[in-house]
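Written below as structure tokens is the structure these notes are about.
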Amino acid sequence: MLRTTNHLMQFSRDSLFLSIYESCKHRQHPIRDATALTQTVVSRLGIATNDDGIIDREDLVSIVAETLQRFDVIAAAVYNGIHSLNQT
């Protein structure tokens, strides 16, 4: 489950993939890159998940942003522009 400011919602790997893909569209192989990056983020989510199986949206956005920053600064900038931590 994913916790936003006011409610819980089901975590969707597909939604995660699409958000990463949108950030990687400028790359030569955006599908391949987004697939690998999504797997990396999903692997890292285990660390941020609470004992009750809930991850805070802020933690998810931070993990994705950090992963993208290490991979491609343009992709990270696009992602950060779309997924500001001020949004709910």
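The values are calculated or read from the model by the stated rules, or taken from the named source; none is laboratory data. Since we're looking at a predicted model, the values are computed, not measured. Reconstructed Cβ throughout: ideal geometry from the backbone, glycine too, with neighbour counts over all protein chains shown. The area values use the complete protein model at the heavy-atom level, side chains included, leaving out ligands, DNA and RNA. Shrake-Rupley method; radii C 1.70, N 1.55, O 1.52, S 1.80 Å.
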Legend entry - the stretch 49-71 - residue that is under 22 Å from Q10 (Cα atoms), of a type in the set (A, V, I, L, M, F, W, C) and surrounded by 15 or more Cβ atoms within 10 Å (Cβ to Cβ) and, of those, farthest from the chain's Cα centre (by Cα): I55
Inset, instruction - Could you please give the count of residues in the stretch 8-67 that are outside any helix (DSSP H, G or I), touching a helix residue (DSSP H, G or I) at 6+ places or on another chain (Cβ under 7 Å) and aliphatic (A, V, I, L, M)? - result: 1
Inset, instruction - Tell me, yes or no, whether the stretch 40-62 has at least one residue that is at pLDDT below 95 and touching a His at 6+ places or on another chain (Cβ under 8 Å). - result: yes
Legend entry - Qualifying residues in the stretch 8-34 (those that are among the aliphatic types (A, V, I, L, M) and closer than 17 Å to A65 by Cβ) - the one most open to solvent (accessible area, probe 1.4 Å): L18
